[in-house]
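Below: one structure, written as structure tokens.
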Amino acid sequence: MKKLWIAALAAALLGHVPTLLAQTTWKLATGYRAESFHTQNIAQFSREVEQATRGQLVIQVHPNNTLAKLNDIRQAVADGRAQAGETIMTSMVKEIPIAGADAVPFVVGSYKDAARLWKLQRPGIEKHFAQRGLTLLYAVPWPPQGLHSSKPVRSLADFKGTQMRTYNSTTQRIAELLGARPVDVAMVDVGKALAEGRMDNMITSALTGVENKVWGSIRYYYEINGWFPKNVVFVSSGAFEALTPEARSAVRKAAAEAEARGWAASESLATSATEELRQNGIRIERIPPDVELEIKRMGEKFSREWVRTVGNEANQIFVPYYLQ
Ligand code: PCA
């Protein structure tokens, strides 16, 4: 009898929890599709936060540039148009130059190195975010960047005058160095741009090739392992500080789990996506060694330029990276 009474009391109290605790909703903007692995990871992060806070914090995901465009997401969160966001780190290089550390070619050649680089880059990113009223939650890399081309690549001269799709300042600079014409195309528009004949080649992950079903026009894929760019998920510090301490720690815990889960997913997709390109008729080839050497030299030139323009903060990341 007593047990029944306690159970009834507990049920009544639990029933009241949602009305006792205020519910907060965050809008989270991303520039990538809902089906993309990054967005699915965010969706799981959001479910876990909702569960852990018993519905106290709801994170609504707005994918595909619908709430704000990829390059505008950091500003949208700073302005309060969204409380949280995800963008590619390199979209912020104008204001936060060290955000470009993960897009310097041929520095990182494996996920292990990418993780090492992130550990060194993270404190600086957190500091710059804090100065702009943002709190970093987590970051996850795209699979390694390879070269997709409609024609076989036999020499660097093959790039002259081609339309090379770009998505950040690294890819723009590479296009320039190759004598190609840079064409800025958002990730979600790659299929369309190919169909319309607006691009001949691009450097991006095999996964982005798969997600855009590039096999109609792209015939060759070269695993040059250029760099491992990361997407970063963040929240306005005001919105984060307004949470209860318990909710804040639930968000932190779910973010750490999302980061670990995302890195593992990225690594397994790196292999399966290349395989999927192959199964769809794309030839996975090795770039001729002399061309590879020239591309690496170009990468070195890019690194030198980068370290020179970014200055001391670049050294703080790269010096320990190379010494470890
Ligand atoms: N895909 C994104 C960024 C890096 C990647 O692999 C893109 O192509 O825009």
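The values are calculated or read from the model by the stated rules, or taken from the named source; none is laboratory data. On a predicted model such as this, the values are computed, not experimentally measured, just so you know. Don't worry about glycine lacking a Cβ; one is built from the backbone with ideal geometry, like all the others, and counts go over all protein chains shown. For accessibility, only protein heavy atoms count, side chains too; no ligands or nucleic acids. Shrake-Rupley method; radii C 1.70, N 1.55, O 1.52, S 1.80 Å.
Using the Cβ-Cβ distance between Lys213 and Thr244 with R0 set to 35 Å, the FRET efficiency works out to roughly 0.20. Among all stretches of the chain without exposed GluC sites (Glu not before Pro) (DSSP loop, at most 12 other Cβ atoms within 10 Å), which one is longest? My reading of the result: 197-324 is the longest stretch.
Let me know the whole percent of all Cα-Cα pairs from the chain that are separated by more than 39 Å. Value for the chain: 18 percent of Cα pairs lie more than 39 Å apart. The stretch between Glu223 and Arg122, if pulled fully straight at 0.36 nm per residue, gains 33.7 nm over its current Cα-Cα span. With 0.36 nm allotted per residue and the present C-alpha distance subtracted, the Ala264-Arg132 stretch has 44.5 nm of extension available. The charge dipole of the chain, taken about its Cα centre with unit charges on the Cβ of Lys, Arg, Asp and Glu (plus for the first two, minus for the last two), comes to roughly 300 debye.
For Thr25 and Lys94, FRET efficiency with R0 = 35 Å and r from the beta-carbon atoms, rounded to 0.05?
0.70
If R0 equals 45 Å, the separation of the Cβ atoms of Ala52 and Lys192 corresponds to a calculated FRET efficiency of about 0.70. Extending 7 Å from the Cα toward the beta-carbon at both Ala34 and Asp79 defines two label points whose distance is 2.5 nm. In whole angstrom, the range 26-78 maps to an equivalent ellipsoid with semi-axes of 20, 13, 7, each derived as √(5λ) from the alpha carbon gyration tensor and ordered largest first. Under the membrane-span-like helix rule (DSSP H runs whose alpha carbons stretch at least 20 Å along the helix axis, mean Kyte-Doolittle hydropathy 1.6 or higher), the chain yields none. Between Ser272 and Arg297, the contour length at 0.36 nm per residue exceeds the alpha carbon distance by 6.1 nm.
The simple spin-label model puts a point 7 Å past each Cα toward its Cβ; for Ala256 and Ala43 those points are separated by 2.7 nm.
Think of a 1.4 Å ball rolled over the protein heavy atoms: the range 79-170 then has 34 Å² of accessible area per residue.
For the range 59-182, the Kirkwood radius over C-alpha pairs fed into Stokes-Einstein at 37 °C and 0.692 mPa s yields D = 200 µm² per second. Taking the 1.4 Å solvent-accessible surface of the range 99-192 as the whole, the part contributed by carbon and sulfur is 53%. Each residue was assigned an accessible area with a 1.4 Å probe, and for Ile282 the value is about 10 Å². In nm, to one decimal, how far is the Tyr322 label point from the Leu156 one, both placed 7 Å along Cα→Cβ? Here the answer is 2.0 nm between the modelled labels. Among the protein heavy atoms of the range 197-324, carbon and sulfur supply 53% of the accessible surface, probe 1.4 Å, non-protein parts ignored.
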